[in-house]
1. For the chain, which longest stretch is free of loop sites, where a loop site is one of the chymotrypsin sites (Phe, Trp or Tyr not before Pro) that DSSP puts outside H, G, I, E and B and that has at most 11 other Cβ atoms within 10 Å?
2. So what does log10 I(q)/I(0) come out to for region 21-109 at q = 0.10, 0.11, 0.14, 0.18 Å⁻¹, using the Debye formula with one equal point on every Cα and no solvent?
3. Net charge near Leu17: determine it from the other residues with C-beta under 12 Å of the C-beta of Leu17, scoring Lys and Arg +1 and Asp and Glu -1.
4. Using helices alone, I'd like the mean residue ellipticity at 222 nm for the chain: each DSSP H run of four-plus residues gives -39500 (n - 2.57), total over residue count, nearest 500.
5. With a point put 7 Å past each Cα toward its Cβ, work out how far Arg42 is from His117 in nm, to one decimal.
6. A 26 angstrom limit on the alpha carbon distance is what I want to check against. Which of Lys22/Lys76; Lys70/Lys105; Lys22/Lys70; Lys20/Lys76; Lys67/Lys110 exceed it?
7. Say we join alpha carbon atoms closer than 10 Å with springs in a Gaussian network model of the chain; which of Ile57, Ile138, Ile28 then has the biggest fluctuation?
8. Would you work out the charge dipole size for region 4-114 about its Cα centre, treating the Cβ of every Lys and Arg as +1 and the Cβ of every Asp and Glu as -1, and quote it to the nearest 20 debye?
Amino acid sequence: MINIISGSAYALSSVELIEKSKEYDQQIVSYRGEVVGEVMKRGSFVWINVNDGLNAIGIWSAVSLVKEIKFGGSYKYRGERVEVTGVLNRACPQHGGDLDIHAEKIEIFKTGHEIYHPVNRSRLNLAAILSALSFILIGLNIYLKKKRIPAE
């Protein structure tokens, strides 16, 4: 069952897929989100996780469908944004009873990219000052312990 609005298919959210999994079980659905993490190869198939901002859903796919995926979302990268069309399994017997989608089609609608994280100079300077102060205080503590005369 592909959902139709104004004559075109639209993607379901992860919340809809999870909450209405009984209704959509073994049906063809569309789901959109960012590929997160690694593409995990399993022979001629792969697992990818696609997160729509609310939840991530596991996608089981033929390797040929994910050849264009270059980036999985992480601290360093924004993952490819994809639309997956395939069969929803409420409790997939092939994959340990988990909810997943067996992809028939995966389309990239927005490419991923590296994320630039600038260094905050004021925090870096503060860290250097606090480190230097810590070493001075540790050194002073050691020096003062050696100077003490043991009580008799």
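1. The reported range is 1-74.
2. Reported log10 I(q)/I(0), two decimals: -0.22, -0.26, -0.43, -0.72.
3. After counting each charged neighbour, the total is -2.
4. Here the helix-only value at 222 nm equals -7500 deg cm²/dmol.
5. Result: 3.0 nm between the two label points.
6. Among Lys22/Lys76; Lys70/Lys105; Lys22/Lys70; Lys20/Lys76; Lys67/Lys110, the Cα-Cα distance tops 26 Å for Lys22/Lys76; Lys22/Lys70; Lys20/Lys76.
7. Top of the fluctuation ranking is Ile138.
8. Here region 4-114 has a charge dipole of around 260 debye.
FYI, it's all coordinate maths here, none of it is from the lab. All values derive from a computational prediction rather than experimental measurement. Note that each Cβ is placed from the backbone with ideal geometry, even for glycine, and that neighbours are counted across all protein chains shown.
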